[in-house]
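Structure, as structure tokens:
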Amino acid sequence: MSLFTQILDKLGLKKDKAGTTSAPPAGTSTAPPQTNKPSMPGARPGAVANPAASGPAQPNLIPHTGAAAPAPVQMSEVDVVKKLDTLSAGKGLNWKTSIVDLLKLLDLDSSREARVELAKELHAPAEVMNDSARMNTWLHKEVLRKIAANGGNIPQDLLN
């Protein structure tokens, strides 16, 4: 599991196998498509229904089932600031400015090697990879931007 995926997991922003944080809408069926029953001579048992043969496509219907598609569910944001502030209470860690403190707060490896791997994972520009301080600053901002992009509510002042 990549380090950034671990960060999202610790914050409650789980990613699916496709790399997105959107979960399937509630009520979505994962059942296989319904099949035609052999009502005519020569029909094969288990043949998948031909949706084109049943007339024009109906909007908001799940293909092969005819069931109404559930309304899209908006992904709720995770209050990252509140969560991290709660975790940092009394620990003297400044997650708002330090990538090392942010990783420590999430009980993740904050070593230089781990941060270099995280920077590579997030496609850090070559010019920041040769300077530890620049890499840490870039990495902190990029991690916060990526958290925000994955459903975390990061205030704009922390993203600038």
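Hey, among LEU105, LEU139, LEU122, LEU93, which residue is under 23 Å from the mean Cα position of the chain (by Cα) and over 13 Å from LEU3 (Cβ atoms)?
LEU105
When you go through (1) β-branched (Val, Ile, Thr); (2) surrounded by 15 or more Cβ atoms within 10 Å (Cβ to Cβ); (3) under 24 Å from the mean Cα position of the chain (by Cα) one by one for VAL128, which number turns out not to apply?
(3)
Looking at the stretch 134-147 only, could you name the residues that are out of contact with any Ser or Thr (no Cβ under 7 Å at 6 or more places or on another chain), of a type outside the set (D, E, K, R) and touching a residue at least 40 places away in the same chain (Cβ under 8 Å)?
Passing the criteria: LEU139, VAL143, ILE147.
For the stretch 122-133, which residues satisfy the criterion of being in contact (Cβ under 8 Å) with a residue 12 or more places away in the chain and part of a helix (DSSP H, G or I)?
Passing the criteria: MET129, SER132.
Kindly indicate whether any position in the stretch 63-77 is of a type in the set (Asp, Glu), assigned to a loop (DSSP other than H, G, I, E, B), modelled with pLDDT of 95 or more and within 19 Å of VAL143 (Cα to Cα).
Taking every residue of the stretch 63-77 in turn, none turns out to be of a type in the set (Asp, Glu), assigned to a loop (DSSP other than H, G, I, E, B), modelled with pLDDT of 95 or more and within 19 Å of VAL143 (Cα to Cα).
So THR137 clears everything in (1) assigned to a helix (DSSP H, G or I); (2) closer than 17 Å to VAL78 by Cβ except one condition, right? Which one?
(2)
Testing ALA148 on (1) at pLDDT 95 or above; (2) of a type in the set (A, V, I, L, M); (3) surrounded by 14 or more Cβ atoms within 10 Å (Cβ to Cβ); (4) in a helix (DSSP H, G or I), one condition comes back false. Which one is that?
(1)
The values are calculated or read from the model by the stated rules, or taken from the named source; none is laboratory data. Every value quoted in this text rests on a predicted model; they were computed, and no experiment measured them. In this analysis, Cβ positions are derived from the backbone assuming ideal geometry, glycine residues included, and neighbour counts consider all displayed protein chains.
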